[in-house]
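The values are calculated or read from the model by the stated rules, or taken from the named source; none is laboratory data. What you are looking at is a predicted structure, and each value in this text was computed from that prediction instead of being measured. Methodologically, a virtual Cβ is constructed for each residue, glycine included, from the backbone with ideal geometry; neighbour enumeration extends over all protein chains shown. Only protein heavy atoms, including side chains, enter the accessible area calculation; ligands, DNA and RNA are left aside. Shrake-Rupley method; radii C 1.70, N 1.55, O 1.52, S 1.80 Å.
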Amino acid sequence: MSELSFEQMLDESFKTIRNGEVVEGTVIDVKPDEIILNIGYKADGIITRNEYSNDSNLDLTTAVNIGDQVTAKVMKVNDGEGQVLLTYKRLLAEKGNKRLEEAFNNHEVLTAKVAQVLDGGLSVIVEEARVFIPASLVSNTYEKDLSKYDGQEIEFVISEFNPRRRRIIGDRKQLILARRAELQKELLERIQIGDVIEGTVKNVTDFGAFIDLGGADGLLHISEMSWGRVESPKKEFNVGDTVRVFIKDINGTKIALSMKFPEDNPWNNASEKFAAGNIVNGKVARMTDFGAFVELAPGVDALLHVSQIAREHIEKPADVLKVGQEIEAKIVDFNEDEKKISLSMKALLPAAEPDAENAEEE
């Protein structure tokens, strides 16, 4: 029986390890970019910064101390320099994946800080396991710029779990929609037609503005923005504005809003202000071939017929008037029931003098 050499005896005194094995070691040295462990093997174990944390700027001397016990996973028994290459980060990620799998199966709501804002979404880390939240699943509305989420803690659920294909997908949108549905139900149970409520302008279009009422959106149509004429909602409102509106109609989950408060109706005292015979000032609002419509007050227009502009014949109002022009006229007819007012500029002109020939005949 041959005797073992000292080197062979020494080798046999150490345990054997394999790639993929989980080992525990004691920190015997630590540098800013690597940790050296005694793992009870003939070679020391090394954990580089990249295999310890996802933070590429982490100073490892602030993370561990000499004498600390660290559990890691063997990546390579021999890294080419006679040392054992270990990973701490990937071991945690495996544990994190198990945590994510449980959350996926149980439909659990997770909370994590956004680690990175990417072109197509957000990256969050749960126990060193990375979860990707696509931009389309970040919110219930389209958001072009996701930078505001950087470093924020957000809630989400795991909607797809396939670590083999590196597809662990988070979904924040469905949580927002679910909460929105709850708030919408509460709001619809609370409000009724005629209620005055405050809301926040959420979106502005050419035909109106959508107002967030705190659980549901209501539509403020352009025709309900004012008793007067509104040329463009985008000139009247900005996203984020706080507005006071009242509930005009509720149809299922659709809410129609109005800012035409009855007490502000300009026709309330129109019978006195615009009685026949009164002389008024107004602004030409629009014109047709048969006459011009003159705004006497916001929400009160009157017709100035082409025949009532001057004593001489006028082909079209546009020949002598312009939109926006201030005019003075006399009210010749007021119909409160039909909300119609007729004007005459001609009635304010001095009476025509008879020509000389007519005077001699007389």
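Miscellaneous remarks
- Pairwise Cα separations in the chain fall into 10 Å bins from 0 onward with the following percentages, short to long: 4, 15, 15, 14, 10, 9, 9, 7, 6, 5, 3, 2, 1, 0, 0, 0, 0.
- Set of lysines with alpha-carbon distance to Lys254 below 18 Å, sequence-local pairs under 8 removed: Lys185, Lys202
- For Lys95, the lysines whose Cα falls under 21 Å of its own Cα, not counting residues fewer than eight places away in the same chain, are Lys73, Lys76, Lys113.
- Once divided by 2.2 N^0.38 Å, the Cα radius of gyration of region 218-279 becomes 1.43.
- Alpha-carbon Rg with Dmax, taken over region 28-79, Å: 10.7, 31
- Gaussian network model of the chain, Cα within-10 Å springs - most flexible of Pro134, Pro266, Pro350: Pro350
- The alpha carbon gyration tensor of region 52-110 gives principal lengths a ≥ b ≥ c with a/c of 1.5 or higher and a/b greater than b/c, which makes the shape prolate.
- Top of Gly208, Gly121, Gly40 by mean-square fluctuation, Gaussian network on the chain, Cα under 10 Å: Gly40
- Taking a straight Cα-Cα cut-off under 20 Å and skipping sequence neighbours fewer than 8 places away in the same chain, the lysines within cross-link reach of Lys346 are Lys283, Lys316, Lys322, Lys330.
- Legend: residues Trp227, Trp267, sorted from most to least accessible area (1.4 Å probe; ligands, DNA and RNA excluded), read Trp227, Trp267.
- Averaged over its residues, the chain has an accessible area of 61 Å² per residue, based on protein heavy atoms and a 1.4 Å probe.
- When you filter the trypsin sites (Lys or Arg not before Pro) in region 292-349 for DSSP loop state and at most 14 other Cβ atoms inside 10 Å of their Cβ, you are left with Arg311, Lys322, Lys339.
- Inter-probe distance in nm under a simple model that places probes 7 Å from Cα toward Cβ, at Asn265 and Lys283: 2.5 nm
- With all protein chains in place and a 1.4 Å probe, the accessible surface of the chain carries 46 percent carbon and sulfur.
- If you wrap the Cα atoms of region 179-325 in a convex hull and average its projected area over all directions, you get 11.0 nm².
- Solvent-accessible surface (1.4 angstrom probe) belonging to Thr242, in square angstrom, nearest 10: 100 Å²
- Taking the helices alone, the chain has a mean residue ellipticity at 222 nm of -4500 deg cm²/dmol, built from -39,500 (n - 2.57) per DSSP H run of at least 4 residues and averaged over all its residues.
- Once the gyration tensor of the Cα atoms in region 275-338 is diagonalised, the equivalent ellipsoid follows with semi-axes of 19, 13, 11 Å, ordered largest first.
- Inverse of mean 1/r across different Cα pairs in region 92-179, Kirkwood, Å: 12.8 Å
- Once you reduce region 129-198 and region 105-124 to the center of their Cα atoms, the two points are 11 Å from each other.
- Taking all protein chains together, Leu110, Leu137 sort by accessible area into Leu137, Leu110, largest first [probe 1.4 Å].
- Of the whole protein surface, Asp264 contributes about 90 Å² of accessible area at a 1.4 Å probe radius.
- Scanning residues 5 or more positions from Asn203 or on other chains, those with amide H under 5 Å from its amide H are Phe210, with H placed 1.01 Å from N in the peptide plane.
- When the chain is treated as a Gaussian network with alpha carbon springs shorter than 10 Å, the biggest mean-square fluctuation among Lys202, Lys185, Lys316 belongs to Lys316.
- Taking amide H atoms as placed 1.01 Å from N in the peptide plane, the amide H of Ser258 lies under 5 Å from those of Phe246, Lys248, each 5 or more residues away in sequence or on another chain.
- Alpha carbon convex hull of region 25-159, projected area averaged over orientations, nm²: 9.8 nm²
- The relative contact order of the chain comes to 8 percent, based on Cα pairs under 8 Å that sit 6 or more residues apart.
- At the listed q of 0.09, 0.11, 0.14, 0.17 Å⁻¹, the Debye profile of region 143-254, built from one uniform point per Cα, gives log10 I(q)/I(0) equal to -0.36, -0.51, -0.74, -0.94.
- Put Tyr142, Tyr88, Tyr52 in order of accessible area, highest first, and with a 1.4 Å probe you get Tyr142, Tyr88, Tyr52.
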